[in-house]
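Structure, as structure tokens:
The values are calculated or read from the model by the stated rules, or taken from the named source; none is laboratory data. A quick note: this is a predicted structure, and the numbers were derived from the prediction, not measured. Here the Cβ positions follow ideal geometry from the backbone for every residue, glycine too, while neighbour counts run over all protein chains shown.
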Amino acid sequence: MSVTVSSPADDTPLLRVSSVSKSYGARTGCEDVSFELWPGEVLAVVGESGSGKTTLLNCISSRLMPTSGTVSYRMRDHTWRELYRMSEAERRFLMRTDWGFVHQNPADGLRMTVSAGANVGERLMAVGDRHYGNIRSTAIDWLGRVEIGADRIDDEPRAFSGGMRQRLQIARNLVTSPRLVFMDEPTGGLDVSVQARLLDLLRGLVADLGLAAIVVTHDLAVARLLSHRMMVMKDGRVIETGLTDRVLDDPREAYTQLLVSSILQV
Ligand SMILES: Nc1ncnc2c1ncn2[C@@H]1O[C@H](COP(=O)(O)OP(=O)(O)OP(=O)(O)O)[C@@H](O)[C@H]1O
Ligand SMILES: [Mg+2]
């Protein structure tokens with residue numbers, strides 16, 4: 001297996017996506033997508049329903065093998081690894097430790113029949129923590145950071161509200177100090193009032209932890225609040241990319257202009 005070593009400088013990307021395409025038989029999921037993501041950078045992927053956002057996110061987070069193209073990740077030891085050349089076990093380890101994945105539906109990212117504390121603690125055990133007291137106190141700390149009271153630690157997530165479940169899913173993902181988090185419509189299933197608080201919380205955590213993140217959303221307000229940079233997708237392709245404020249305030253492509261103006265009319 002070939003491994004290239006990069007300099008550990010902070011101006012080195014964390015993730016390199018090159019010409020990723022995924023087709024489902026004759027149907028295009030995403031096509032020829034390339035970009036780089038830097039440490040601490042939050043990238044929003046926007047576009048209408050069916051434009052290929054989830055397909056792309058799954059391809060670059062090792063959940064769905066692309067039809068062609070490559071995804072490379074800079075590991076903590078600064079070696080570059082190609083995602084789909086790793087073994088299944090290595091990829092799974094990466095997902096459990098250095099990466100997070102926040103699903104739109106919290107039930108997909110939580111174990112609904114074990115306690116909130118165990119949901120958070122499990123991820124710590126995956127990185128080798130075996131000390132029950134440490135695990136429990138870190139879990140309590142993280143529940144607090146996502147505004148879940150310590151008295152709920154032994155409750156199962158199915159006894160939580162939608163917003164609480166989503167906050168628990170976030171705690172479960174962030175407890176191992178991942179460097180990169182993927183999120184697919186993280187506020188999608190929630191009430192507007194709950195969305196606003198969750199977004200505030202997410203924005204604070206991402207900034208505090210210096211996390212890199214890729215956030216899929218069809219909600220431009222989410223992109224505005226969370227992201228530094230945006231990619232606009234249409235029919236599986238990236239049609240516009242740029243700093244978030246630039247894309248939203250001065251969209252260049254006619255399609256992006258339509259997207260922005262239709263949201264403004266809501
Ligand atoms: N498992 C699948 N089998 C066949 N076609 C699929 C599959 N998943 C997605 N597609 C197709 O790929 C295209 C992109 O779908 P995708 O789910 O990536 O869009 P999206 O931008 O995430 O949409 P949404 O905002 O509705 O979640 C669509 O045409 C969709 O029908
Ligand atoms: Mg989707």
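Suppose the filter is surrounded by 16 or more Cβ atoms within 10 Å (Cβ to Cβ) and farther than 24 Å from Ala118 by Cβ; does Thr138 pass it? Steps first, please.
Working: surrounded by 16 or more Cβ atoms within 10 Å (Cβ to Cβ): yes; farther than 24 Å from Ala118 by Cβ: no.
So Thr138 does not fit the description; no.
Has the range 206-215 got any residue that is within 14 Å of Val102 (Cα to Cα) and over 17 Å from the mean Cα position of the chain (by Cα)?
In the first step, residues of the range 206-215 are kept if they are within 14 Å of Val102 (Cα to Cα); the result is 206, 211-215.
Of the ones still in play, those that are also over 17 Å from the mean Cα position of the chain (by Cα) are none.
No, the range 206-215 contains no residue that is within 14 Å of Val102 (Cα to Cα) and over 17 Å from the mean Cα position of the chain (by Cα).
What pairs come up if the first residue lies in the range 28-55 and is closer than 17 Å to Leu14 by Cα, the second is of a type in the set (S, T, N, Q) and not in a loop (DSSP other than H, G, I, E, B), and their beta carbons are under 8 Å apart, counting only those six or more places apart or on different chains?
Cβ pairs passing all conditions: Val33/Ser19; Val33/Ser21; Ser34/Ser18; Ser34/Ser19; Phe35/Thr241; Ala44/Thr244.
Restricting attention to the range 210-266, which residues are assigned to a helix (DSSP H, G or I) and in contact (Cβ under 8 Å) with a residue 40 or more places away in the chain? First the steps, then the outcome.
We begin by selecting, within the range 210-266, every residue assigned to a helix (DSSP H, G or I); these are 220-226, 244-249, 254-264.
Correct list: Leu220, Ala221, Val222, Ala223, Leu226, Thr244, Leu259, Val260, Ile263.
Pick out, from the range 56-128, the strands (runs of 3 or more DSSP E) lying fully within it that include 1 or more residues that are of a type in the set (Val, Ile, Thr) and within 30 Å of Val194 (Cβ to Cβ). Break it down stepwise before answering.
On the way: elements: 68-74, 79-82, 99-102.
Of the strands (runs of 3 or more DSSP E) lying wholly inside the range 56-128, those with at least 1 residues that are of a type in the set (Val, Ile, Thr) and within 30 Å of Val194 (Cβ to Cβ) span 99-102.
Select, from Arg229, Arg237, the only residue that is basic (Lys, Arg), more than 18 Å from Glu147 (Cβ to Cβ) and away from ligand 1 (no atom under 14 Å from the Cβ). Walk me through how you get there before you give the answer.
Working: Arg237 fails: away from ligand 1 (no atom under 14 Å from the Cβ).
Step by step, each of Arg229, Arg237 is checked, and only Arg229 is basic (Lys, Arg), more than 18 Å from Glu147 (Cβ to Cβ) and away from ligand 1 (no atom under 14 Å from the Cβ).
Quickly run through the range 38-61 and pick out the residues that are away from ligand 1 (no atom under 16 Å from the Cβ) and within 12 Å of the chain's Cα centre (by Cα).
So the first thing to find is which residues in the range 38-61 are away from ligand 1 (no atom under 16 Å from the Cβ), and the list is 38-42.
Residues satisfying the conditions are Glu41, Val42.
It is to be established whether one or more residues within the range 147-161 are more than 16 Å from ligand 2 (Cβ to nearest atom) and under 25 Å from Glu41 (Cα atoms).
Looking for residues that are more than 16 Å from ligand 2 (Cβ to nearest atom) and under 25 Å from Glu41 (Cα atoms), one finds at least one in the range 147-161, hence yes.
Would the range 206-215 turn up any residue that is under 19 Å from Glu36 (Cα atoms), modelled with pLDDT of 95 or more and within 16 Å of ligand 2 (Cβ to nearest atom)?
Yes, there is a match, as at least one residue in the range 206-215 is under 19 Å from Glu36 (Cα atoms), modelled with pLDDT of 95 or more and within 16 Å of ligand 2 (Cβ to nearest atom).
So which residues in the range 167-214 are of a type in the set (Val, Ile, Thr), farther than 19 Å from Arg111 by Cβ and out of contact with any strand residue (DSSP E or B) (no Cβ under 7 Å at 6 or more places or on another chain), if there are any at all?
Thr187, Val192, Val194
Filter the range 22-57 for residues that are farther than 24 Å from Ala254 by Cα, of a type outside the set (A, V, I, L, M, F, W, C) and away from ligand 2 (no atom under 16 Å from the Cβ); which is surrounded by the fewest Cβ atoms within 10 Å (Cβ to Cβ)? Walk me through how you get there before you give the answer.
Initial filter on the range 22-57 (farther than 24 Å from Ala254 by Cα): 22-27, 36-42, 57.
Imposing the further condition that a residue be of a type outside the set (A, V, I, L, M, F, W, C) reduces the set to 22-25, 27, 36, 39-41.
If we keep only those that are away from ligand 2 (no atom under 16 Å from the Cβ) as well, we get 23, 25, 36, 39-41.
On the way: Ser23: 15, Gly25: 5, Glu36: 14, Pro39: 16, Gly40: 16, Glu41: 19.
Step by step, filter the range 22-57, then rank; the result is Gly25.
What is the one condition in (1) of a type in the set (Lys, Arg); (2) within 25 Å of Gly133 (Cα to Cα); (3) buried (at least 19 other Cβ atoms within 10 Å of the Cβ) that Arg111 does not satisfy?
For Arg111, the exception is condition (3).
Within the range 151-192, take every residue that is within 23 Å of Glu48 (Cα to Cα) and not in a strand (DSSP E or B) and give me the one that is nearest to ligand 1 (Cβ to nearest atom).
Applying the first criterion (within 23 Å of Glu48 (Cα to Cα)) to the range 151-192 yields 181-192.
If we keep only those that are not in a strand (DSSP E or B) as well, we get 185-192.
On the way: Glu185: 7, Pro186: 13, Thr187: 13, Gly188: 9, Gly189: 12, Leu190: 16, Asp191: 19, Val192: 18 Å.
So the residue we want is Glu185.
Could you list all residues from the range 140-150 that are of a type outside the set (Asp, Glu) and not in a helix (DSSP H, G or I)? Before the answer, list the steps.
Of the range 140-150, the ones of a type outside the set (Asp, Glu) are 140, 142-146, 148-150.
The answer is Val146, Ile148, Gly149.
Does Ser161 fit the bill of being on the phi < 0 side of the Ramachandran plot, surrounded by fewer than 20 Cβ atoms within 10 Å (Cβ to Cβ) and at pLDDT 95 or above?
Details: on the phi < 0 side of the Ramachandran plot: yes; surrounded by fewer than 20 Cβ atoms within 10 Å (Cβ to Cβ): yes; at pLDDT 95 or above: no.
Criteria not met by Ser161.
Can you name the condition, by its number, that Ser62 falls short on among (1) under 22 Å from Arg179 (Cβ atoms); (2) surrounded by fewer than 20 Cβ atoms within 10 Å (Cβ to Cβ); (3) in contact with a helix residue (DSSP H, G or I) (Cβ under 8 Å, 6 or more places away or on another chain); (4) modelled with pLDDT under 95?
The failed condition is (2).
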